[in-house]
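Asks: Below is one structure. I have some questions about it.
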Amino acid sequence: MLLREVLDQPRLKLALLTGAEGRDRPVTRVYVTDLPDPRRYLAGGEIVLTGMVWRRGSEDSEAFVAACAAARVTAIGAGDAVFGTVPSDLVEACARHGVPLFEVPVEVSFREIVDAVDPSLWAQRASGLATVLGRQRGLVAAMAAGARLADLLPPVAADLGLACWVYSPTGRPVAGTEAAPPGGELARAFLAATRLPTTAGDGRYVLVGVPGRPEHRLASWFVAFPSDPRSPSGLPDGADELVSLVALERAQLDEVVRVERRLADSLGRQLASGAGAADLRAGVQSCGLDPESTFVAVAADLTGLRTPPDLTVAVLEEALHAVTPHAAVTQLPDQTVLGIVTADRDVPSTLRAALDALAPGLGPGKLTIGVSAPAIGVATLPGAVAEARHAHRSAQGRTTLVCSTELASHQLLLARVPADAREAFRERLLGPLSAYDEAHDADLVRTLAEFLECGGSWSRCAERLHVHVNTLRYRIGRVEALTGRDLGRFEDRVDFFLALRLSR
């Protein structure tokens, strides 16, 4: 495959910035990285895709391009999600070193490029894979060149005379030979096993784990083989080769996911900091999502396990894969994990099924999830996130999912109000009282809260505050004078109630 065949694919929208003379260079594979010096992972002929997270200045661009040129890469593809455009110093460095450089627009994910290139590369190599390099050497070379597991596994398994199937921890099929057994029962056996390999299906299958990142069974793939009665472990001869092949695919995928998570982390920071609609639009696009879509926000938490800190992210990614393979998942500053998906199906029901599938692997852990109602357009996304977080706080039980549509509360209504509007409302009603309390060492805010809690009962409120009723009447009078409100009116009581809830 030639570089021009990649650049000329209209749906990828790739713009060549320098190095037109290299359009006929051969491509051996696509490699995604944000390492400042990726040479030890390069063999030559690669298209190197980078999000430029390593760049702090022009000297970083020079060092990165020099390393790629020394490794004889075919081209560099730079995503402009971080800087908004490809820096001129990177263009100049590529021109100096004779490395073609193209720009990857924010709406095109690196995975789309990998998926567009890999099938063509594998098709060119499949016919002579075993005969030219030998089976094991050929497999490693093919994976290094970008061949995908779904293409490699069936012919290699047939060559070994084996059947095998690869599943995610929810039982989602990843790759395999024909006539795959249902993954749900196998996944339950895999997650619940005290040790691996383990058997499933009344001993008909043997399961082997393929760890990913993080290294936990809830984030691992597994391979199922028909049990071989001649083997003490039940594993047939040649199983190790196929497991190694699956591990190579998983390692490559983890590298792509790592880069995509950085883009999701950026979107998460924008949502946490109250960024405007324009910034959110750019953040959503960089994650490969359409800002005009209908979104659903999902908040999750995994507690009770001694686990890697990013396990909840991996678990939510796996659960959301049943909804869509393109989800933005990140961990917020308070450790809550947030997922953003476009809603083209029943998200709560799909996630509940995924929760049920993952439950055998939780042990003493507790996985809780909150789901927002659908929100149309990126401007409504912050409200959807607030809804999901409120629903998440309401979740109880070992594996629980709560959808905001199942809740009826003023808190859900307030979650849909923009943060600046909520703060302005709270400050307008309670600001004068807080200022008075601070200046006069008074207790008007607490008095107001107790008065409302007592339903406006003077005697009961005075008793709870341990003051005389006349003292209470004086304080409420000061509240009304400072705010211009009348606590005898139901509407004003509701406003104060909501303002107090917003201050919690």
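Asks: In this structure, does Ala247 turn out to be part of a helix (DSSP H, G or I) and surrounded by fewer than 20 Cβ atoms within 10 Å (Cβ to Cβ)?
Replies: Working: part of a helix (DSSP H, G or I): yes; surrounded by fewer than 20 Cβ atoms within 10 Å (Cβ to Cβ): yes.
It is true that Ala247 is part of a helix (DSSP H, G or I) and surrounded by fewer than 20 Cβ atoms within 10 Å (Cβ to Cβ).
Asks: Next question. Report the residue count in segment 181-207 for those that are part of a loop (DSSP other than H, G, I, E, B) and within 21 Å of Leu311 (Cβ to Cβ).
Replies: Here the count works out to 4.
Asks: Check Arg39, Arg11, Arg29 and return the single one that is out of contact with any Gly (no Cβ under 8 Å at 6 or more places or on another chain) and more than 22 Å from Cys287 (Cβ to Cβ).
Replies: The unique qualifying residue is Arg39.
Asks: Something else: Just checking, does segment 11-20 include any residue being in contact with a strand residue (DSSP E or B) (Cβ under 7 Å, 6 or more places away or on another chain), modelled with pLDDT under 90 and not in a loop (DSSP other than H, G, I, E, B)?
Replies: Within segment 11-20, none of the residues are in contact with a strand residue (DSSP E or B) (Cβ under 7 Å, 6 or more places away or on another chain), modelled with pLDDT under 90 and not in a loop (DSSP other than H, G, I, E, B).
Yes or no, residue by residue, for (1) crowded, with 19+ Cβ neighbours inside 10 Å; (2) hydrophobic (A, V, I, L, M, F, W, C); (3) at pLDDT below 85:
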site: Ala314; (1), (2), (3): yes, yes, no
site: Glu317; (1), (2), (3): yes, no, no
site: Leu320; (1), (2), (3): yes, yes, no
site: Gln331; (1), (2), (3): yes, no, no
site: Ile340; (1), (2), (3): yes, yes, no
site: Asp346; (1), (2), (3): no, no, yes
site: Arg352; (1), (2), (3): no, no, no
site: Ile376; (1), (2), (3): no, yes, no
site: Pro382; (1), (2), (3): yes, no, no
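Asks: Residue pairs, Cβ under 9 Å, 6 or more apart or interchain, first in segment 321-348 and within 19 Å of Ile376 (Cβ to Cβ), second among the aromatic types (Phe, Trp, Tyr). List them.
Replies: That search, which allows pairs on different chains as well, returns Ile340/Phe295; Val341/Phe295; Thr342/Phe295; Ala343/Phe295.
Asks: Now, a different point. Hey, can you tell me all the residues within segment 44-81 that are hydrophobic (A, V, I, L, M, F, W, C) and farther than 22 Å from Arg25 by Cα?
Replies: Met52, Val53, Trp54, Ala63, Ala81
Asks: Hey, any hits in segment 436-446 for a residue that's among the β-branched types (Val, Ile, Thr), surrounded by 14 or more Cβ atoms within 10 Å (Cβ to Cβ) and within 42 Å of the chain's Cα centre (by Cα)?
Replies: Looking for residues that are among the β-branched types (Val, Ile, Thr), surrounded by 14 or more Cβ atoms within 10 Å (Cβ to Cβ) and within 42 Å of the chain's Cα centre (by Cα), one finds at least one in segment 436-446, hence yes.
Asks: Let me ask something else. Working only within segment 208-241, note down all residues that are part of a strand (DSSP E or B), more than 24 Å from the chain's Cα centre (by Cα) and surrounded by 20 or more Cβ atoms within 10 Å (Cβ to Cβ).
Replies: Val208, Val223, Ala224, Phe225, listed by residue number.
Asks: May I pose another question? Looking at the structure I just gave you, is Ala78 under 19 Å from Ile113 (Cβ atoms), buried (at least 16 other Cβ atoms within 10 Å of the Cβ) and of a type in the set (Gly, Ala, Ser)?
Replies: Judged against the criteria, Ala78 is a match.
Asks: Would a scan of segment 419-431 turn up a residue that is more than 15 Å from Leu498 (Cβ to Cβ) and touching a helix residue (DSSP H, G or I) at 6+ places or on another chain (Cβ under 6 Å)?
Replies: no
Asks: Is there any pair linking a residue in segment 217-228 that is within 16 Å of Val313 (Cβ to Cβ) and free of Cβ contacts under 8 Å to residues at least 60 places away in the same chain to one that is of a type outside the set (A, V, I, L, M, F, W, C) and part of a strand (DSSP E or B), with Cβ under 7 Å and at least six apart or on different chains, and which?
Replies: From segment 217-228, the pairs are Ser220/Gly209.
Every residue, every condition in (1) over 17 Å from Glu255 (Cβ atoms); (2) not in a helix (DSSP H, G or I), yes or no:
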position	(1), (2)
Gly44	yes, yes
Ile47	no, yes
Glu62	yes, no
Val65	yes, no
Cys68	no, no
Gly77	no, yes
Val82	yes, yes
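The rows are residues; the columns are (1) within 27 Å of the chain's Cα centre (by Cα); (2) surrounded by 18 or more Cβ atoms within 10 Å (Cβ to Cβ); (3) modelled with pLDDT under 90.
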| site | (1), (2), (3) |
| --- | --- |
| Asp37 | yes, no, no |
| Gly44 | no, no, yes |
| Ser61 | no, yes, no |
| Phe64 | no, yes, no |
| Val73 | no, yes, no |
| Phe83 | yes, no, yes |
| Phe110 | yes, yes, no |
| Thr131 | no, no, yes |
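Residues are listed down the side, and each one gets a yes or a no for (1) more than 20 Å from Val256 (Cα to Cα); (2) touching a Ser or Thr at 6+ places or on another chain (Cβ under 7 Å):
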| residue | (1), (2) |
| --- | --- |
| Asp279 | yes, no |
| Val284 | no, no |
| Leu289 | no, yes |
| Glu292 | yes, no |
| Ala297 | yes, yes |
| Thr307 | yes, no |
| Thr312 | no, no |
| Glu318 | no, yes |
| His326 | no, no |
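Asks: Restricting attention to segment 46-57, and to residues there that are of a type in the set (D, E, K, R) and buried (at least 20 other Cβ atoms within 10 Å of the Cβ), which single residue is nearest to Leu101 (Cα to Cα)?
Replies: Ranking the qualifying residues of segment 46-57, first place goes to Glu46.
The values are calculated or read from the model by the stated rules, or taken from the named source; none is laboratory data. As the structure is a prediction and not an experimental result, all values here were calculated from the model. Reconstructed Cβ throughout: ideal geometry from the backbone, glycine too, with neighbour counts over all protein chains shown.
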